[in-house]
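Visitor: What follows is a single structure, and I will ask about it in a moment.
The values are calculated or read from the model by the stated rules, or taken from the named source; none is laboratory data. None of these values were measured; they are calculated from a predicted model. Here the Cβ positions follow ideal geometry from the backbone for every residue, glycine too, while neighbour counts run over all protein chains shown. We work out accessible area using only protein heavy atoms, side chains counted, and drop any ligands, DNA or RNA first. Shrake-Rupley method; radii C 1.70, N 1.55, O 1.52, S 1.80 Å.
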Amino acid sequence: MKRSVKYTLLIAVLLLFGCRQETQVDPLKRSKVDGLNKEAFINRYKDPDVCLERAEMALDFVQDSLPEYVDGELRALNNIAFAYYQVTNYEKATEILDQLEKKAKSGKGKANNDEVETIIARLLKARLLQRSCHIADSYELLYEVGKSDIVKNNSGNLLYNYAQTEYYITLLTLNFHYRNGKEADVMSIIDDIESRRKELKVDYAQDLELNYAIAYGLQSA
């Protein structure tokens, strides 16, 4: 083989494998996004306006300066959607959740948490469907989430614990408000929650919400 041909093949191989290398996320920029998302999350109940502001700042930063950090973008979108849900702007919340699912499915950029962020988005969609009295659609979403490995995952990952707790809260609320306690396994759901209570607790706000959901479940049962 001629030297020029070997040289051309070598360049082609280098280019091919070079394109397959994972893009590294700048740790300093990532910490900025994570900090904004954490602040948004902490304020999701206490001050939804602050939650929305910080999450939008995180989203803008990712899109402008760190487009490869998909996990940060998905977290910001979920925070934004929850803030809109809290201020009863359900149309905007649904729009953001659709945007999140589209981003998660696109495969653009490196994401480790796209599956669990999608589950969290679907749980919020289930609540939105409940609010608009689309009960069958809400229950179908919850049924699909309930079959996923995420609900049974015991990895200790905060996002997984958060998703699991949101699942139980949404399911118990659905049973109390819309199914009149007719779901036969309400007590088994509550027993399951109590057996996993330590791993489900994410923060005080979610723990308080779970307490209310359990109370609803006990009343409906």
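Visitor: Can you say whether ALA83 is in contact with a Pro (Cβ under 8 Å, 6 or more places away or on another chain) and buried (at least 23 other Cβ atoms within 10 Å of the Cβ), as far as the supplied structure shows? Lay out the reasoning, then the answer.
Guide: Details: in contact with a Pro (Cβ under 8 Å, 6 or more places away or on another chain): yes; buried (at least 23 other Cβ atoms within 10 Å of the Cβ): yes.
Judged against the criteria, ALA83 is a match.
Visitor: Moving on to the next point. State yes or no: is LEU52 in a helix (DSSP H, G or I), at pLDDT 95 or above and not β-branched (Val, Ile, Thr)?
Guide: In short, yes.
Visitor: Considering each residue of the range 178-214, count those that are at pLDDT below 90, among the aliphatic types (A, V, I, L, M) and exposed (fewer than 14 other Cβ atoms within 10 Å of the Cβ), and give that number.
Guide: The qualifying residues number 2.
Visitor: Looking at the range 26-41 only, could you name the residues that are in contact with a strand residue (DSSP E or B) (Cβ under 7 Å, 6 or more places away or on another chain) and open to solvent by 40 Å² or more (accessible area, probe 1.4 Å)?
Guide: If the condition is that a residue be in contact with a strand residue (DSSP E or B) (Cβ under 7 Å, 6 or more places away or on another chain) and open to solvent by 40 Å² or more (accessible area, probe 1.4 Å), then ARG30 is the only one that fits.
Visitor: Looking only at the range 60-76, which residues are surrounded by fewer than 24 Cβ atoms within 10 Å (Cβ to Cβ) and assigned to a helix (DSSP H, G or I)?
Guide: ASP60, PHE61, GLN63, ASP64, SER65, VAL70, ASP71
Visitor: I'd like to verify a number: residues in the range 191-215 that are under 18 Å from LEU124 (Cβ atoms), part of a helix (DSSP H, G or I) and not aliphatic (A, V, I, L, M), how many?
Guide: 3
Visitor: Condition first: among the hydrophobic types (A, V, I, L, M, F, W, C) and farther than 15 Å from TYR69 by Cα. Now tell me which residues in the range 27-42 satisfy that.
Guide: Within the range 27-42, ALA40, PHE41, ILE42 meet the criteria.
Visitor: Across the range 83-134, what is the number of residues that are assigned to a helix (DSSP H, G or I), among the basic types (Lys, Arg) and either under 14 Å from the mean Cα position of the chain (by Cα) or farther than 23 Å from ASP49 by Cα (or both)?
Guide: 6
Visitor: For the range 160-174, does any single residue satisfy the condition of being exposed (fewer than 14 other Cβ atoms within 10 Å of the Cβ), modelled with pLDDT under 90 and of a type in the set (Ser, Thr, Tyr)?
Guide: For the range 160-174, residues exposed (fewer than 14 other Cβ atoms within 10 Å of the Cβ), modelled with pLDDT under 90 and of a type in the set (Ser, Thr, Tyr): absent.
Visitor: Here's a follow-up. For the range 122-170, which positions are of a type in the set (Lys, Arg) and without any contact (Cβ under 8 Å) to a residue 40 or more places away in the chain?
Guide: Matches in the range 122-170: ARG122, LYS125, LYS147, LYS152.
Visitor: May I pose another question? Which one of the conditions (1) part of a helix (DSSP H, G or I); (2) at pLDDT below 50 does LYS32 fail to meet, given that it meets all the rest?
Guide: Of (1) part of a helix (DSSP H, G or I); (2) at pLDDT below 50, only one is false for LYS32: (2).
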